[in-house]
Amino acid sequence: MNKIIYPLIFAALSIMVASCSQNVKINVNFADHSFDGKKAYLTVYDSGDTVDSVVVSEKFVTFEENVDTAFFARLIVDGNRFGFIVEPGEINVEWGKDDIIARGTPLNDKLNNVNRQLDKLDEQWEQIGLKLQSEQISEDDAEQLNTQLESQQLGIFHRCYEENIDNAIGAWAFTNYLNYGQFTLKQIDSIFATAPKPLLDLKRVKKAKADAQAVENTAVGKKFVDFTLRSPQGTTVKLSDYVGKDGDYTLVDFWASWCMPCRKEIEGTLTHIYEKYNGKGLNIVGVAVWDKPTDTQQAIKDLSIPWTVILADSYTTVPTDLYGIAGIPHIMLIDSSGTIVMRGLQGDELLKAVDNAMKAK
């Protein structure tokens, strides 16, 4: 049993005040999985700090903790993650094949209602993808429907934040509201002006503002920001080694091996652009992020990527932090002077933007 205090972390994670430490028992049933012998980690969602770890035995694991304040946590097993609220009482987590749910305490029951709303949106997103794939709807229609769902998703997080401003669900919802909203720095400053100070101390909330500042610093029309990484071979490599050279445009692709949309963009759009413009005034440079170097190198072989890929000797967020990139793939077009011409486009929109830039070159 661990005594969990971490007053600074937990005060930031929830405004709810507890008079004394209380017991929490978390029972996790992995009935449909073979995790025996694997360690299950209980972590703080905001900071990533590990609270406790227990080895799974007979498809079951139990955590017993004392907490001062309820907080949003992540349970991590063999790379799989599940988020729930750690609060006084007995929490039963059913880790099924297709679904994971935590029951038994008030905040978790409340969070389950919110997750059901989000699951319905996910189902609609899946249907849009299937209809687009079968050509039942056009790309323009799909984009419009996706925008509507994104607005609904943001509304769910905002309402959840307002209705739970005094508990751990509110902290989770506020973080997601900022991250999914893709707000400008000015908009975030406006949101922060009315938000409770404990929420502003959250690590993920601070990161959202830093990302907005980075996006503003690297907006279209601004000069690219250089970075230096240590390669797996032990040498240093810079973005400036490949950008703003010989009067050429450079398309910079931030990607990871595990990212299916990244792989799709590489195999489709980027390969098409490479075949059309390679050696004709446009270069492509990949920047591997959020990934293991060995996985990146394997993906380069599997995808037969012909252009240069910058990768570090370890998992890195340096490039995406500098550009405020919250999701990948993220692609930028930079001209020969080092000015960012375009960023954030994919598919047909990216093809059109590159074609127009090359015509005007």
Open item on the list: Give me the extension gain from Gln213 to Asp140: residue separation times 0.36 nm, minus the current Cα-Cα distance, reported in nm with one decimal.
Closed with: 23.2 nm
- [ ] Compute the projected area of the convex hull of the Cα atoms of the range 70-172, averaged over all viewing directions, and report it in nm² to one decimal place.
- [x] 7.8
Open item on the list: Which order do you get for Phe192, Phe227 if you rank them by accessible area with a 1.4 Å probe, largest at the top?
Closed with: Phe192, Phe227
- [ ] Can you pull the one-decimal nm distance between simple spin-label points at Ser314 and Lys131, each 7 Å off the Cα toward Cβ?
- [x] 4.7
- [ ] With 21 Å as the limit, write out which pairs from Lys264/Lys301; Lys222/Lys361; Lys39/Lys206 have Cα-Cα distances beyond it, or answer none.
- [x] Lys39/Lys206
Open item on the list: For the chain, what does the helix formula give at 222 nm: sum of -39500 (n - 2.57) over DSSP H segments with n ≥ 4, over the residue count, nearest 500 deg cm²/dmol?
Closed with: -12500 deg cm²/dmol
Task: Separation of alpha-carbon centers, the range 205-268 and the range 36-81, rounded to whole Å - done: 34
Task: Label-point separation, Asp295 to Asp348 (7 Å along Cα→Cβ), nm - done: 3.2
Open item on the list: If you build the convex hull over the alpha carbons only and average its shadow over all orientations, what do you get for the range 244-350? Give it in nm² to one decimal.
Closed with: 6.4
Task: 5 Å-binned pair-distance histogram of the range 301-350 (Cα, whole percent) - done: 4, 14, 18, 27, 24, 11, 1
Open item on the list: Whole-Hz ³J(HN,Hα) for each residue in the range 220-233, computed from phi via Karplus 6.51 cos²θ - 1.76 cosθ + 1.60 with θ = phi - 60°, x for glycine and proline: what do you get?
Closed with: 4, x, 8, 6, 5, 9, 7, 8, 10, 10, 8, 6, x, 7
Open item on the list: So if I place +1 on the C-beta of Lys and Arg and -1 on the C-beta of Asp and Glu, and nothing else carries charge, what would the dipole magnitude of the chain be about its Cα centre? I want it in debye, nearest 20.
Closed with: 920
TODO: Would you tell me the accessible area of Asp122, worked out with a 1.4 angstrom probe on the heavy atoms of the protein chains, in Å² to the nearest 10?
DONE: 80
- [ ] May I ask you to order 130-137, 179-186 by the average number of other C-beta atoms within 10 Å around their residues, highest value first?
- [x] 179-186, 130-137
Task: Where chymotrypsin sites (Phe, Trp or Tyr not before Pro) fall in DSSP loop in the range 293-361, at most 14 other Cβ within 10 Å - done: Tyr315
Open item on the list: Please compute the modelled spin-label separation between Arg230 and Glu64, points set 7 Å along Cα→Cβ, answer in nm with one decimal.
Closed with: 4.4
Task: Accessible area expressed per residue, the chain, with surrounding protein chains retained (probe 1.4 Å, Å²) - done: 51
- [ ] Report the convex hull volume per residue for the chain, counting only C-alpha atoms, in Å³.
- [x] 161
Task: Within a Gaussian network of the chain (alpha carbon springs, distance under 10 Å), most fluctuating of Ile305, Ile328, Ile188 - done: Ile305
Task: Straight-distance crosslink candidates among lysines, where the alpha carbon sits under 21 Å from Lys359 and sequence neighbours closer than 8 are dropped - done: Lys245, Lys276, Lys280
Task: Length released on extending from Ser57 to Thr339, taking residue separation times 0.36 nm less the Cα-Cα span - done: 95.9 nm
- [ ] Positive end of the charge dipole of the chain (Lys, Arg +1 and Asp, Glu -1 on Cβ, about the Cα centre): tell me which of Ala256, Thr308, Asn92 has its Cα farthest that way.
- [x] Thr308
- [ ] In a Gaussian network model over the chain where Cα atoms closer than 10 Å are linked, find which of Ala326, Ala195, Ala31 has the largest mean-square fluctuation.
- [x] Ala31
Task: Surface share of carbon and sulfur [accessible, 1.4 angstrom probe, percent] for the range 220-323 - done: 49
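The values are calculated or read from the model by the stated rules, or taken from the named source; none is laboratory data. Remember, it's a predicted structure, so these values are computed and weren't measured experimentally. No Cβ is skipped: glycine too gets one built from the backbone with ideal geometry, and neighbour counts run over all protein chains shown. Side chains included, ligands, DNA and RNA excluded: accessible areas come from the protein's heavy atoms. Shrake-Rupley method; radii C 1.70, N 1.55, O 1.52, S 1.80 Å.
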